[in-house]
């Protein structure tokens with residue numbers, strides 16, 4: 001399964017809101033993840049429509065989770081954003097292939113999809129947060145590791 005960019009940004013936005021108490025805005029989320037503000041704004045609209053995020057207008061407004069992180073299932077967010085999650089059309093649609101009636105591949109893929117979705121439905125947004133560790137700390141650690149890796153990858157120049 002490969003998730004669409006929209007779904008990726010939706011999950012990141014929910015993580016940001018769950019990991020940062022108080023209200024935020026699409027610009028803050030985009031800046032934090034170094035991604036497009038326009039994309040995040042579209043994602044926020046989707047999350048508001050789906051009931052995951054609440055949008056507050058006016059001074060002091062912004063966006064916040066509409067549900068507690070314990071109530072948000074990663075699998076459901078993915079289904080709500082992606083819709084059809086079938087690996088091949090034959091898993092969800094009849095009569096798309098001449099060998100479909102006797103094909104065992106359809107059964108194997110359907111089982112794989114079911115196992116994957118059962119697992120994703122068992123994961124709550126709160127499970128993705130580490131108590132006492134902020135997203136900023138995680139990002140700073142990643143920045144340091146990337147910087148160290150970039151230095152190690154650079155060729156040494158002799159003088």
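For the reader, a short list of remarks on this structure follows.
- Simple label model, 7 Å out from Cα along Cβ direction - residue 41 to residue 79, nm: 3.2 nm
- Whole-number percent relative contact order across the range 1-95, with pairs defined as alpha carbons under 8 Å at least 6 apart: 31 percent
- The stretch between residue 107 and residue 34, if pulled fully straight at 0.36 nm per residue, gains 22.2 nm over its current Cα-Cα span.
- Label-point separation in nm, residue 86 to residue 140, each point 7 Å along Cα→Cβ: 4.9 nm
- Computed on the chain, with alpha-carbon pairs under 8 angstrom and 6+ residues apart, the relative contact order is 25 percent.
- Rough spin-label spacing in nm, given labels placed 7 Å along Cα→Cβ, for residue 96 and residue 50: 2.1 nm
- Over the range 1-104 - Rg/Rh using Cα atoms and the Kirkwood inverse-distance radius: 1.14
- Compared with the dominant Cα axis of the chain, that is its longest principal axis, helix 37-49 is turned about 60°.
- Counting only the Cα atoms, the range 100-145 fills a convex hull of 110 Å³ per residue.
None of the figures in this text is laboratory data; all of them are computed from the coordinates on show. From a predicted model like this one, the values you see are computed outputs, not experimental measurements. Glycine also receives a Cβ, built like all others from the backbone with ideal geometry; neighbour counts cover every protein chain displayed.
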